[in-house]
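Taking it in order: structure first as structure tokens, then the write-up.
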Protein chains: 4
Amino acid sequence: MAETTRAVLRLHTPDRPGLVADVSTLLFKLGANIIGADQHLDTDLNSFFQRIEFRFPASTEAEREAIRQKISDACEGWKLRASLRFPDLWRRQVAILCSKQPHCIMDLLARHRAGELTMDVPLVISNHATQGEEVTRRGYRFVHEPIVDGNKKDQEARVLGHLADAKVDLIILARYMQILSSDFVSAYPERIINIHHSFLPAFIGAEPYKQAHRRGVKIIGATSHYVTADLDQGPIIAQGVIRVSHRDSWEEMERKGRDIERNILAHAVRCHLEDRIITYGNKTVVFE
Amino acid sequence: MAETTRAVLRLHTPDRPGLVADVSTLLFKLGANIIGADQHLDTDLNSFFQRIEFRFPASTEAEREAIRQKISDACEGWKLRASLRFPDLWRRQVAILCSKQPHCIMDLLARHRAGELTMDVPLVISNHATQGEEVTRRGYRFVHEPIVDGNKKDQEARVLGHLADAKVDLIILARYMQILSSDFVSAYPERIINIHHSFLPAFIGAEPYKQAHRRGVKIIGATSHYVTADLDQGPIIAQGVIRVSHRDSWEEMERKGRDIERNILAHAVRCHLEDRIITYGNKTVVFE
Amino acid sequence: MAETTRAVLRLHTPDRPGLVADVSTLLFKLGANIIGADQHLDTDLNSFFQRIEFRFPASTEAEREAIRQKISDACEGWKLRASLRFPDLWRRQVAILCSKQPHCIMDLLARHRAGELTMDVPLVISNHATQGEEVTRRGYRFVHEPIVDGNKKDQEARVLGHLADAKVDLIILARYMQILSSDFVSAYPERIINIHHSFLPAFIGAEPYKQAHRRGVKIIGATSHYVTADLDQGPIIAQGVIRVSHRDSWEEMERKGRDIERNILAHAVRCHLEDRIITYGNKTVVFE
Amino acid sequence: MAETTRAVLRLHTPDRPGLVADVSTLLFKLGANIIGADQHLDTDLNSFFQRIEFRFPASTEAEREAIRQKISDACEGWKLRASLRFPDLWRRQVAILCSKQPHCIMDLLARHRAGELTMDVPLVISNHATQGEEVTRRGYRFVHEPIVDGNKKDQEARVLGHLADAKVDLIILARYMQILSSDFVSAYPERIINIHHSFLPAFIGAEPYKQAHRRGVKIIGATSHYVTADLDQGPIIAQGVIRVSHRDSWEEMERKGRDIERNILAHAVRCHLEDRIITYGNKTVVFE
């Protein structure tokens, strides 16, 4: 059997008749074998979204580059906003930022080791030393960048330096308890995934479990979203919930919430790594 | 076998040693047979909550009254806030208020007919005539009280008149799309149950499904709560959720939400009717 | 704007390169405007499934028939198993069969009236008279066909007669407590939807709530499936669950289960009516 | 403030009038301060279950022993089946048994380290060496006891030897893929907790995810239960579920199921460690 390359093509465009036929015919002519496809039409916005996973015959970098060029040219001709990746050839370089709490960072590392998350993790950065020993013991590089004398700007600059050095494609905030500056955020558009420990938009801001306890809600949740300049306002990728009752203190809510946080964060990261997400406006299409 | 009467006692008090022993000994001495009991200690507030369901030997009103007096005297001596009901003898008189939408009102009536909700429904009131025929056809009294010339105050006065005439113990807002005045609300403290079509405190106010769609959430919900003077801020009784995705228009969210709304409202009403709820501050203890 | 007709095309076929391009090009050439599309590739079986919803310009029956013929010819040429429906022109004729319990039958009728289920309900059939008055009061035709002297065969024959007279396309078993003969079932392949009151394959057979209570499960459920000759073994369309605890008697489980039963049954029926289901082997693809 | 000891008392007895009064009066006389209490009456069996958590004044072992004796004498007089523990003084010694898969074992160790599970873990035993390095790296003792020449009996004997040496109170089967002999099981009655990777009683036995995939279910689950001599038939402690669809291969179901497995197992273990479970017949009362 000839060697093949796996590709994921994501499209986002105003809808028009014949679009699906054009794209699928193009791929067929390129010898592509479609493994999976999902699409969505937002009739209010007349926006069309598509994710196509396919294999095409190619064993050399030149062959692959030729295919990429043809798809790129066609999409340009059709005025499509397109993104093409060869996931088996290019693993994303991911930095995980954490603070003192272990549950999200350790969960991500365990899933990475178990092969659930297709990425490389060149470094873990934290403003606290707390998780350093444990991270290092598992064979990952841990960088401690504390905020010195309240100088957040300097710390951010150092963190950005590490990220640039490691050529990072994606940043995961695994309960990183610092608000990023808008400069930081704009350097990694749609490439920073956060987990907020509430069912957004409820309980924005600090100490959401205490807020939830005070309000007396009967369900708590967690929300994973892309980070934008507006705190807790970025496009939502995934949400999860769990029941609570009057018996739960806010500490107990926090404990229960941790299981949701780590599962939802891992799910959102996985969707990103598998190129299942297309953002539009302040929302996401997630082809699960 | 001697005749017995079923009773539910709810207590809310500062905690002190010996409290449970005192109460259970009192009930034992009165010949009570405890069917069920549930309790909760809020250690932050040092507040103790208890619900005891029991049977005691009594076949006449005089015997029951004697028991009531003894429990009342004891609780007064202990400075307990107590509530005692004989649920089989006193069925609550419930008014259901609705507007145009059928799903909550029709669900409540169907459950009532099926024997799921132990209450009498002497009247259904609406500011619209829409559901009148259907309500009447099922054998319930329907009162149409429209808002004339924008005069909400007059309409409220007429509604309050009907409620007083029917000696109503509980008011259910089954998607009643009018905001009640604080005078109305204060006339029925902890006796008005509303269903809000969002996962409160997210999406307070008008058109929550449109708000949810705009925000791009991945889960929607409904919240049943006691009505207080602050809109959508009263003590939460029950909440439910359902998953949505980018495929769901706000109309589709509304359709999915309806199933949650009616189930959660019915659940909250049932908890109230079975004396399972104790409110404190702006929260509830619900002994499910 | 020219008049258009809405269509839903479902395909099920062995996969081959170019399939999606062929189908979408065909539709484009016919002037179709794709509203929605969903597809699935089962790589184990090399089976391809697709549901395409589209509009095409046609205002007369002849124009529509021409389109149908072209699609049919093409699919035959490609050896596709295809099903084409014009849902706005052909509403399914649905018979609902029930026994004594009201929750599923009344829920379906309420949803039908509310416009949630696009179908006609020419008749409701029951082996008991219990729900007759209520069904009739809502304006539906109720046929009582009891089993006389244990003669199930005769009763089935009479029921089949009514179904034939009404030209029924779909039969919903809304807690119909009779086992259908294999002759009956084979007369309506993939056209009988049942709701089983357990999380199949757990608790097959009679009295599943009692079985569940005896086993001490912590979650109960309901399963909607197409009926086949093997009892409770047909292709599953939808399942739902709810938590229970030691506090729940089997009667309480039954009460809680009813909410799941009716919601899951209505969901399955809706998926069928919207042509979202493709069966294969003993399983279903459901494009939700 | 005088020193106090925390205690948990669990009762299981036929119900009789005055029982709650007797127990609470006894505790009051012993100077106990009740922190929490939960009870359940099974009216079918006339069985009463209670869990009381309290503090009593005691700073020496002798004082505690005196209290224990008084409670024990009273319960004997009342013919109660009672269990009293001082959880802060006696941490359970727990052995975790695993095979090749890491997700449950690693999750339990992470939760143990995070302080979520109040227990000591003197040893981890496995029939495979796979997880040895990782377990050891985290500072736990790993014992590899493979099955040699198919001799399961010898292996079991060696495992039982390790358990006896470590004076183990509880055994957790964290996806331990060996069936224990009835002799092994009877040596640790109600002290072996297993996680079964299906929603029991569905898919008993081997490869439940493959069974679930074959049956085409729309929800999968996991069940934690006490191990008895009958495979997968012991008293259920906790169950959890997650939605799947036709898109999920059995491998994908397995991946999704892992999150449920580890969360449900950890929850069941936590309930056991906090003395929240009372078994009766083949069922459990779990005071969550």
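The values are calculated or read from the model by the stated rules, or taken from the named source; none is laboratory data. All of these numbers come straight from a predicted model, not from anything done at the bench. Note that we place each Cβ from the backbone using ideal geometry, even for glycine, and neighbour counts take in every protein chain shown. Heads up: the accessible areas ignore ligands, DNA and RNA and are worked out on the full protein's heavy atoms, side chains in. Shrake-Rupley method; radii C 1.70, N 1.55, O 1.52, S 1.80 Å.
I want to confirm something. Restricting to the range C:247-267 and keeping residues that are small (Gly, Ala, Ser) and either in contact with a Pro (Cβ under 8 Å, 6 or more places away or on another chain) or more than 10 Å from chain D (Cβ to nearest Cβ) (or both), which single residue is surrounded by the most Cβ atoms within 10 Å (Cβ to Cβ)?
Just the residues of the range C:247-267 that are small (Gly, Ala, Ser), to begin with: C:249, C:257, C:266.
Cutting the leftovers down to either in contact with a Pro (Cβ under 8 Å, 6 or more places away or on another chain) or more than 10 Å from chain D (Cβ to nearest Cβ) (or both) gives us C:257, C:266.
Numbers: C:GLY257: 26, C:ALA266: 24.
The residue in question is C:GLY257.
Would you check if there is a residue in the range C:59-70 being in contact with an Asp or Glu (Cβ under 8 Å, 6 or more places away or on another chain) and more than 14 Å from every other protein chain (Cβ to nearest Cβ)? Explain how you work it out, then say what you get.
So the first thing to find is which residues in the range C:59-70 are in contact with an Asp or Glu (Cβ under 8 Å, 6 or more places away or on another chain), and the list is C:59.
When the remaining residues are screened for being more than 14 Å from every other protein chain (Cβ to nearest Cβ), the result is C:59.
Yes; the residues of the range C:59-70 include at least one that is in contact with an Asp or Glu (Cβ under 8 Å, 6 or more places away or on another chain) and more than 14 Å from every other protein chain (Cβ to nearest Cβ).
If only one of B:ASP169, B:ASP275, B:ASP165 is under 25 Å from B:PRO122 (Cα atoms), open to solvent by 40 Å² or more (accessible area, probe 1.4 Å) and more than 10 Å from chain A (Cβ to nearest Cβ), which one is it?
Numbers: B:ASP169 fails: open to solvent by 40 Å² or more (accessible area, probe 1.4 Å); B:ASP275 fails: open to solvent by 40 Å² or more (accessible area, probe 1.4 Å).
Only one candidate qualifies: B:ASP165.
When you go through C:ALA7, C:ALA21 one by one, which is the residue that is open to solvent by less than 30 Å² (accessible area, probe 1.4 Å) and assigned to a strand (DSSP E or B)? Give the derivation first.
On the way: C:ALA21 fails: assigned to a strand (DSSP E or B).
Unique residue meeting the criteria: C:ALA7.
Which of (1) more than 14 Å from chain B (Cβ to nearest Cβ); (2) part of a strand (DSSP E or B); (3) of a type outside the set (Phe, Trp, Tyr) does D:GLY77 not meet, given it meets every other one?
The failed condition is (2).
Can we say C:ALA110 is small (Gly, Ala, Ser), touching a strand residue (DSSP E or B) at 6+ places or on another chain (Cβ under 8 Å) and on the phi < 0 side of the Ramachandran plot? Can you show your working first?
Working: small (Gly, Ala, Ser): yes; touching a strand residue (DSSP E or B) at 6+ places or on another chain (Cβ under 8 Å): no; on the phi < 0 side of the Ramachandran plot: yes.
Spelling it out, it is not the case that C:ALA110 is small (Gly, Ala, Ser), touching a strand residue (DSSP E or B) at 6+ places or on another chain (Cβ under 8 Å) and on the phi < 0 side of the Ramachandran plot.
Filter the range D:189-202 for residues that are in contact with a Leu (Cβ under 8 Å, 6 or more places away or on another chain) and either at pLDDT 95 or above or of a type outside the set (A, V, I, L, M, F, W, C) (or both) and give the result.
Looking only at the range D:189-202, we keep the residues that are in contact with a Leu (Cβ under 8 Å, 6 or more places away or on another chain), and these are D:191-195, D:202.
Of everything in the range D:189-202, those that are in contact with a Leu (Cβ under 8 Å, 6 or more places away or on another chain) and either at pLDDT 95 or above or of a type outside the set (A, V, I, L, M, F, W, C) (or both) turn out to be D:ARG191, D:ILE192, D:ILE193, D:ASN194, D:ILE195.
Take the residues in the range A:207-225 that are open to solvent by 40 Å² or more (accessible area, probe 1.4 Å) and facing chain B (nearest Cβ under 9 Å), then tell me which one is nearest to B:GLY234 (Cα to Cα). Walk me through it before giving the result.
The first filter runs over the range A:207-225 and keeps only residues open to solvent by 40 Å² or more (accessible area, probe 1.4 Å), leaving A:207, A:210-211, A:214.
Those left that are additionally facing chain B (nearest Cβ under 9 Å): A:211, A:214.
Values: A:GLN211: 15, A:ARG214: 12 Å.
Only one residue tops the list, namely A:ARG214.
Which numbered condition in (1) part of a helix (DSSP H, G or I); (2) in contact with an Asp or Glu (Cβ under 6 Å, 6 or more places away or on another chain) is the only one that B:ILE35 fails?
So the condition that B:ILE35 fails would be (1).
Any chance you could count how many residues in the range C:36-53 are at the interface with chain A (Cβ under 10 Å from one of its Cβ atoms) and open to solvent by less than 60 Å² (accessible area, probe 1.4 Å)? Please lay out each step first, then the result.
Of all residues in the range C:36-53, those at the interface with chain A (Cβ under 10 Å from one of its Cβ atoms) come to C:36-41, C:43, C:48, C:50, C:52-53.
Then keep just the ones that are open to solvent by less than 60 Å² (accessible area, probe 1.4 Å); that gives C:36-41, C:48, C:50, C:52-53.
Qualifying residue count for the region: 10.
So which residues in the range D:226-246 are surrounded by 22 or more Cβ atoms within 10 Å (Cβ to Cβ) and either at pLDDT below 95 or more than 9 Å from chain C (Cβ to nearest Cβ) (or both)?
Answer for the range D:226-246, where residues must be surrounded by 22 or more Cβ atoms within 10 Å (Cβ to Cβ) and either at pLDDT below 95 or more than 9 Å from chain C (Cβ to nearest Cβ) (or both): D:TYR226, D:VAL227, D:GLY234, D:VAL244.
What's the number of the condition A:ASN151 fails, among (1) more than 14 Å from chain B (Cβ to nearest Cβ); (2) at pLDDT 95 or above?
Failed condition: (2).
Could you please let me know if C:GLY205 is touching a Leu at 6+ places or on another chain (Cβ under 9 Å) and either in a loop (DSSP other than H, G, I, E, B) or not β-branched (Val, Ile, Thr) (or both)? Talk me through it step by step, then tell me what you get.
Values: touching a Leu at 6+ places or on another chain (Cβ under 9 Å): yes; either in a loop (DSSP other than H, G, I, E, B) or not β-branched (Val, Ile, Thr) (or both): yes.
Yes; evaluated as a whole, the condition is true for this residue.
Residues in the range A:138-147: is at least one assigned by TED's automatic domain parsing to the domain that holds A:ILE264 and open to solvent by less than 10 Å² (accessible area, probe 1.4 Å)?
If we filter the range A:138-147 for residues that are assigned by TED's automatic domain parsing to the domain that holds A:ILE264, which is where we start, we get A:138-147.
Subsequent filtering for residues that are open to solvent by less than 10 Å² (accessible area, probe 1.4 Å) retains none.
No, the conditions are met nowhere in the range A:138-147.
Does C:GLU133 qualify as being open to solvent by 20 Å² or more (accessible area, probe 1.4 Å), touching a helix residue (DSSP H, G or I) at 6+ places or on another chain (Cβ under 8 Å) and farther than 21 Å from C:ASN263 by Cβ? I'd like the intermediate steps shown before the answer.
On the way: open to solvent by 20 Å² or more (accessible area, probe 1.4 Å): yes; touching a helix residue (DSSP H, G or I) at 6+ places or on another chain (Cβ under 8 Å): no; farther than 21 Å from C:ASN263 by Cβ: yes.
Considered against the rule, which asks whether it is open to solvent by 20 Å² or more (accessible area, probe 1.4 Å), touching a helix residue (DSSP H, G or I) at 6+ places or on another chain (Cβ under 8 Å) and farther than 21 Å from C:ASN263 by Cβ, C:GLU133 comes out as no.
Given the conditions (1) within 23 Å of B:GLY115 (Cα to Cα); (2) open to solvent by 20 Å² or more (accessible area, probe 1.4 Å); (3) in contact with a Cys (Cβ under 7 Å, 6 or more places away or on another chain), which single one is not true for C:SER126?
Of the numbered conditions (1) within 23 Å of B:GLY115 (Cα to Cα); (2) open to solvent by 20 Å² or more (accessible area, probe 1.4 Å); (3) in contact with a Cys (Cβ under 7 Å, 6 or more places away or on another chain), the odd one out for C:SER126 is (2).
Considering only residues that are in a helix (DSSP H, G or I), out of contact with any Asp or Glu (no Cβ under 7 Å at 6 or more places or on another chain) and more than 18 Å from D:THR118 (Cβ to Cβ), which ones fall in the range D:257-288?
D:GLY257, D:ARG258, D:ASP259, D:ILE260, D:GLU261, D:ILE264
I need a count of the residues in the range C:124-133 that are free of Cβ contacts under 8 Å to residues at least 40 places away in the same chain, more than 13 Å from chain B (Cβ to nearest Cβ) and in a loop (DSSP other than H, G, I, E, B).
Matching residues across the range C:124-133 total 2.
So in the range B:97-123, with the set limited to residues that are part of a helix (DSSP H, G or I), at the interface with another protein chain (Cβ under 9 Å from one of its Cβ atoms) and of a type in the set (A, V, I, L, M, F, W, C), which one is least open to solvent (accessible area, probe 1.4 Å)?
B:MET106
Any residue at all in the range B:141-157 that is in a loop (DSSP other than H, G, I, E, B) and closer than 28 Å to C:VAL135 by Cβ?
Going through the range B:141-157, the residues in a loop (DSSP other than H, G, I, E, B) turn out to be B:141, B:145-151.
Still in the list and also closer than 28 Å to C:VAL135 by Cβ: B:141.
Taking every residue of the range B:141-157 in turn, at least one turns out to be in a loop (DSSP other than H, G, I, E, B) and closer than 28 Å to C:VAL135 by Cβ.
Could you tell me whether the range D:179-191 includes any residue that is under 19 Å from D:ALA266 (Cβ atoms), free of Cβ contacts under 8 Å to residues at least 40 places away in the same chain and either crowded, with 16+ Cβ neighbours inside 10 Å or of a type outside the set (Val, Ile, Thr) (or both)? Please lay out each step first, then the result.
Kept after step one, since they are under 19 Å from D:ALA266 (Cβ atoms), are these residues of the range D:179-191: D:190-191.
From what is left, the residues that are free of Cβ contacts under 8 Å to residues at least 40 places away in the same chain are D:191.
If we keep only those that are either crowded, with 16+ Cβ neighbours inside 10 Å or of a type outside the set (Val, Ile, Thr) (or both) too, we end up with D:191.
Scanning the range D:179-191, I find at least one residue that is under 19 Å from D:ALA266 (Cβ atoms), free of Cβ contacts under 8 Å to residues at least 40 places away in the same chain and either crowded, with 16+ Cβ neighbours inside 10 Å or of a type outside the set (Val, Ile, Thr) (or both), so the answer is yes.
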